[in-house]
Structure formats: structure tokens, C-alpha cells
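J.: Pasting in a structure now, in C-alpha cells, and then I'll have a few things to ask.
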Amino acid sequence: MSLTVKETSSTAAVTPGPAGRGAGTPASGRPAPHPGPGSSPHGATACHAGDVLPASYKIVVWDEEGFQGRRHEFTAECPSVLELGFETVRSLKVLSGAWVGFEHAGFQGQQYVLERGEYPSWDAWSGNTAYPADRLTSFRPVACANHRDSRLTIFEQENFLGKKGELSDDYPSLQAMGWDGNEVGSFHVHSGAWVCSQFPGYRGFQYVLESGDYKHFREWGS
């Protein structure tokens with residue numbers, strides 16, 4: 001499902017789990033305010049640079065287009081490719097799992113959903129967005145994606161106030177699900193991973209939301 005999120009505290013389109021755009025493409029949420037034991041601030045399984053995730057997560061990046069130049073393989077998050085001597089990632093292959101790429105180091109800036117496949121140049125992951133950027137300098141796996149069981153509650157206002165609605169499927173716009181107005185102020189992700197889009201039709205900035213609470217825009221925007 002796709003959820004459009006404006007740059008205030010609003011949303012307009014929603015998608016559950018990274019399993020193909022028709023059924024949902026995860027967007028990035030950060031952080032869940034009350035992570036439980038063994039959880040990361042994103043609400044997913046904790047993993048840090050150097051930690052090994054299950055074999056279902058693997059990405060290979062290159063510092064030149066067309067899978068040329070220096071190469072590095074990851075099975076866990078990478079907070080900065082600059083530490084590897086890369087200026088940026090210019091091509092990549094997702095071998096397994098779903099990942100979120102970020103424009104800047106430290107999981108900041110524009111977010112890009114990276115599903116299994118080959119990305120020979122930056123426009124393969126950024127060129128179809130409303131705000132293409134030729135940099136990708138950090139990335140992490142989406143550890144809680146489960147397309148078979150995705151459930152999200154949206155609220156009209158910040159801090160879980162106002163009208164609410166529950167979602168378990170893709171919607172290209174808030175109006176398509178019968179939501180009055182163009183904004184969503186807060187979220188509770190019960191299960192799965194969700195991709196929110198800035199504008200209807202899965203357009204604009206993307207935001208990945210994983211299990212947890214998001215009381216206002218600052219907790220899912222970066």
C-alpha cells in the first residue's frame with residue numbers, strides 16, 4: 001500500500017512491505033520511540049555495522065557505474081560508505097532481502113527502496129522519483145518486512161489524536177481509502193514494513209515505516 005506523506009506531518013498514499021510496487025514498497029521510518037529489548041530504533045531487529053543478519057540479506061555495491069571499480073558486499077547496515085573510501089555508491093546489486101538506501105551518511109536525506117535486482121547506475125534507483133539525486137552513501141536492510149501480514153493504523157493528528165483508520169493493503173491515495181483530507185499526523189505500525197509517498201500515486205519522497213509508533217513527522221522523515 002502506498003501512503004503519501006507531506007513534509008509537514010501529513011500523508012497521502014501507503015504501501016505495505018517490500019514485495020513489489022503493486023503490493024507495497026517499504027518506505028523508511030525512524031525512530032520508534034519505545035524500542036523493546038533487542039530492537040533497533042527503527043523497530044526492527046537490532047543490527048549494526050559488522051553484525052551478520054540472516055543469509056536472506058545481501059547487497060553488493062560498487063563505486064563506479066556498470067558494476068565497475070571497487071566492490072564491497074554487505075549483510076548488515078552500512079552507516080557510511082565514506083568510511084570504506086567510497087565517494088558514493090554508483091551501482092549496486094541486491095542479491096536478497098529488501099533494503100533502504102539513503103542519500104547521505106547516517107541514514108539521512110532522501111530514501112530509496114531497493115528490492116532484489118540490479119541497479120547499474122544512480123538513475124535506476126533515483127531517476128523515477130520526483131527529486132532524483134545522484135548520491136547514495138548509507139543503507140540498511142528492512143528487517144521486519146512481511147508482506148503477508150502488514151497492518152498499519154493512521155491518525156489524523158500528531159500524537160495519535162483525531163480520526164483514525166486501519167490499513168492492510170495498498171492505497172494509491174488517502175482519498176482511495178475514503179480518508180477525508182490530505183494529511184496524516186501520526187502512525188502506529190502493528191506489523192510489516194510500509195512505504196509512504198509524499199504525493200498520491202506513489203510519487204515524491206519515500207519514507208519506510210517499520211514496526212513501532214511515529215508520533216509526528218520528525219520520527220519518520222530524515
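The values are calculated or read from the model by the stated rules, or taken from the named source; none is laboratory data. Since the model is a prediction, treat every value here as computed from it, not as a measurement. Ideal geometry is used to build each Cβ from the backbone, glycine not excepted, and the neighbour counts take in all protein chains shown. What goes into the accessible areas is simple: the full protein's heavy atoms, side chains included, and nothing from ligands, DNA or RNA. Shrake-Rupley method; radii C 1.70, N 1.55, O 1.52, S 1.80 Å.
J.: Going through region 179-205 one residue at a time, which ones are out of contact with any Lys or Arg (no Cβ under 7 Å at 6 or more places or on another chain) and open to solvent by less than 20 Å² (accessible area, probe 1.4 Å)?
T.: If the condition is that a residue be out of contact with any Lys or Arg (no Cβ under 7 Å at 6 or more places or on another chain) and open to solvent by less than 20 Å² (accessible area, probe 1.4 Å), then W179, V184, G185, F187, V189, A193, W194, V195, C196, G204 are the ones that fit.
J.: Next question, about the same structure. Does Q68 count as surrounded by fewer than 15 Cβ atoms within 10 Å (Cβ to Cβ) and at pLDDT 85 or above?
T.: Numbers: surrounded by fewer than 15 Cβ atoms within 10 Å (Cβ to Cβ): yes; at pLDDT 85 or above: yes.
Yes.
J.: If you don't mind, there's one more thing I want to ask. Out of the residues in region 112-128 that are assigned to a loop (DSSP other than H, G, I, E, B) and open to solvent by 30 Å² or more (accessible area, probe 1.4 Å), state the one that is modelled with the highest pLDDT.
T.: P120
J.: Consider region 158-173. How many of its residues are open to solvent by 80 Å² or more (accessible area, probe 1.4 Å), touching a residue at least 60 places away in the same chain (Cβ under 8 Å) and not charged (D, E, K, R)?
T.: Of the residues in that region, 1 qualify.
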